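Written below as structure tokens is the structure these notes are about.
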Amino acid sequence: MLIDYRSDTVTRPTAAMMEAMMAAKVGDDVFGEDPSINELESLAANMFGMEAAIFCPSGTMTNQIAIKCHTQPGDEVICDDNAHVYMYEGGGIAFNSGASVKLLAGDRGRIIAEQVKNSINPDDSHRAHTSLVCLENTSNRGGGSCYDFNEIKQIEKVCRENNLKLHLDGARLFNALVEKNEKPQQYGETFDSISICLSKSLGCPVGSLLLGKKGLIKKARRVRKVFGGGMRQAGFLAAAGTYALKNNIERLKIDHRHARLISEAIAKKDFVKMVLPVETNIIIFELDNSITAPALVNKLKEKNILGYAIAPNRVRLVIHLDITEDMVNKTIDIFKQL
Ligand SMILES: Cc1ncc(COP(=O)(O)O)c(C=O)c1O
């Protein structure tokens with residue numbers, strides 16, 4: 001039995017999801033004629049109380065399209081120094097949008113309103129024009145940490161007062177929603193754009209959605225085409241997304257419970273210096289000098305457990321739909337023996 005904690009992107013569609021995919025009605029989405037994509041886009045937009053949505057191949061694409069739509073070349077984007085949009089999208093902010101980035105040192109991936117306020121450039125022709133703030137909830141490199149919604153509202157206030165757009169990388173927003181008992185509409189009325197991923201903890205093979213006002217999503221359709229993300233009969237994929245939004249959200253609490261159980265076993269090990277607080281489905285732990293992260297990952301691999309060394313001394317395990325209770329118990333036993 002291989003137990004794969006490298007990412008929540010490794011899931012395979014369940015039989016029920018496959019059935020929904022196979023039954024999908026499809027058409028050419030570049031002509032706007034795929035009924036399954038249209039259904040998914042309006043389902044998601046309604047869920048968040050937003051005007052429109054666009055289905056894209058990846059979360060990188062939805063984030064990058066949003067940044068492109070909200071900025072002009074030479075602008076500056078504010079985000080946490082661990083943000084996926086900065087760290088893991090191949091320099092896309094510079095490549096696609098010609099924008100620079102102001103990085104803020106947040107707390108486990110979360111920045112605060114005061115920091116944002118202090119980072120807005122003055123209206124001076126020497127300085128880049130600050131036009132966008134990007135938040136990430138939950139934060140991947142923050143170990144699945146969740147924002148306090150009150151802080152998000154404070155950040156929104158700073159953005160509105162300073163004419164900045166506010167984008168959310170909500171690749172794992174549903175994990176935060178179930179954990180904090182929040183509603184999608186709260187987010188829909190706060191952000192100018194939201195990216196959500198269907199291919200992470202929701203268990204779909206492919207797909208992300210960008211949500212926003214009609215005008216923004218119209219612009220996003222043009223940018224998606226330019227980025228080469230216009231898909232044709234992709235309704236088979238969208239049907240998986242519709243299935244996931246209807247069936248796979250509440251169950252995320254199970255993943256969070258599994259993450260807490262495993263993290264408790266990890267925290268007891270002598271070679272573990274600290275475990276980041278486990279709020280959702282991600283466990284990040286730091287090792288002492290007795291073993292490196294790649295060495296521990298190799299050791300776990302010998303026991304059929306896959307993890308990811310995210311730094312020389314940090315390991316990440318991500319819990320997801322394909323991780324069963326049995327696998328969790330086996331993992332705990334293996335850590336006890338290490
Ligand atoms: C926080 C966050 N945003 C965006 C992405 C990008 O998603 P994709 O892999 O679909 O491009 C990821 C992927 O892991 C992520 O963790």
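All conditions in (1) of a type outside the set (V, I, T); (2) in contact with an Asp or Glu (Cβ under 7 Å, 6 or more places away or on another chain); (3) outside any helix (DSSP H, G or I) hold for D270, with the sole exception of (2). Filter the range 192-231 down to the residues that are touching a helix residue (DSSP H, G or I) at 6+ places or on another chain (Cβ under 7 Å) and among the hydroxyl-bearing types (S, T, Y), then identify the one that is modelled with the lowest pLDDT. Among residues in the range 192-231 that are touching a helix residue (DSSP H, G or I) at 6+ places or on another chain (Cβ under 7 Å) and among the hydroxyl-bearing types (S, T, Y), the one modelled with the lowest pLDDT is S201. Among the residues making up the range 204-231, those that are of a type outside the set (D, E, K, R), in a helix (DSSP H, G or I) and open to solvent by 10 Å² or more (accessible area, probe 1.4 Å) are G215, L216, V223, V226. Taking the criterion of being closer than 25 Å to G59 by Cα, assigned to a helix (DSSP H, G or I) and open to solvent by 30 Å² or more (accessible area, probe 1.4 Å), the residues of the range 232-267 that qualify are F236, L237, Y243, K246, N247, K253, I254. Note on the range 157-171: residues that are within 11 Å of the ligand (Cβ to nearest atom) and among the aliphatic types (A, V, I, L, M) total 2. Taking residues in the range 122-138 that are in a loop (DSSP other than H, G, I, E, B), and partners anywhere that are among the acidic types (D, E) and open to solvent by 10 Å² or more (accessible area, probe 1.4 Å), the pairs with Cβ atoms closer than 6 Å and at least 6 places apart or on different chains are A128/E76. Restricting the range 1-46 to residues that are within 16 Å of the ligand (Cβ to nearest atom) and among the polar types (S, T, N, Q), the residue that is nearest to E325 (Cα to Cα) is T11. Pairing each residue of the range 288-303 that is at negative phi with any residue that is surrounded by 14 or more Cβ atoms within 10 Å (Cβ to Cβ) and of a type in the set (S, T, Y), provided the two are 6+ apart or on different chains, yields C-beta distances under 8 Å for V297/Y308. In this structure, S199 does satisfy being within 11 Å of the ligand (Cβ to nearest atom), open to solvent by 10 Å² or more (accessible area, probe 1.4 Å) and not in a helix (DSSP H, G or I).
For the condition touching a strand residue (DSSP E or B) at 6+ places or on another chain (Cβ under 6 Å) and more than 13 Å from N175 (Cβ to Cβ), what is the one hit in L245, L317, L237? Steps first, please.
Numbers: L245 fails: touching a strand residue (DSSP E or B) at 6+ places or on another chain (Cβ under 6 Å); L237 fails: touching a strand residue (DSSP E or B) at 6+ places or on another chain (Cβ under 6 Å).
Going through L245, L317, L237 in turn, just one is touching a strand residue (DSSP E or B) at 6+ places or on another chain (Cβ under 6 Å) and more than 13 Å from N175 (Cβ to Cβ): L317.
Which one is nearest to the ligand (Cβ to nearest atom) among residues in the range 81-111 that are within 14 Å of the chain's Cα centre (by Cα) and outside any loop (DSSP other than H, G, I, E, B)? So that I can check it myself, show each step before the final result.
Residues of the range 81-111 within 14 Å of the chain's Cα centre (by Cα): 82-89, 109-110.
Among the residues that remain, those that are also outside any loop (DSSP other than H, G, I, E, B) are: 84-87, 110.
Working: H84: 4, V85: 7, Y86: 11, M87: 9, R110: 13 Å.
Out of the qualifying residues, it is H84.
Would you check if K200 is free of Cβ contacts under 8 Å to residues at least 12 places away in the same chain, farther than 19 Å from V116 by Cβ and not polar (S, T, N, Q)?
On the way: free of Cβ contacts under 8 Å to residues at least 12 places away in the same chain: no; farther than 19 Å from V116 by Cβ: yes; not polar (S, T, N, Q): yes.
Criteria not met by K200.
Here the range 130-156 is the region considered, the condition is being among the charged types (D, E, K, R) and away from the ligand (no atom under 12 Å from the Cβ), and the residue that is surrounded by the most Cβ atoms within 10 Å (Cβ to Cβ) is E156. If the condition is being surrounded by 17 or more Cβ atoms within 10 Å (Cβ to Cβ), among the charged types (D, E, K, R) and either assigned to a helix (DSSP H, G or I) or modelled with pLDDT under 95 (or both), then the range 1-34 contributes only D29. Residues of the range 47-80 that are more than 13 Å from the chain's Cα centre (by Cα), open to solvent by 20 Å² or more (accessible area, probe 1.4 Å) and within 16 Å of the ligand (Cβ to nearest atom): P57, K68.
The values are calculated or read from the model by the stated rules, or taken from the named source; none is laboratory data. What you see is a predicted model; the values in this text were computed from it and never measured. Please note: Cβ atoms are built from the backbone with ideal geometry, for glycine as well, and neighbour counts cover all protein chains shown. Areas reflect the complete protein model, heavy atoms only, side chains present, ligands, DNA and RNA absent. Shrake-Rupley method; radii C 1.70, N 1.55, O 1.52, S 1.80 Å.
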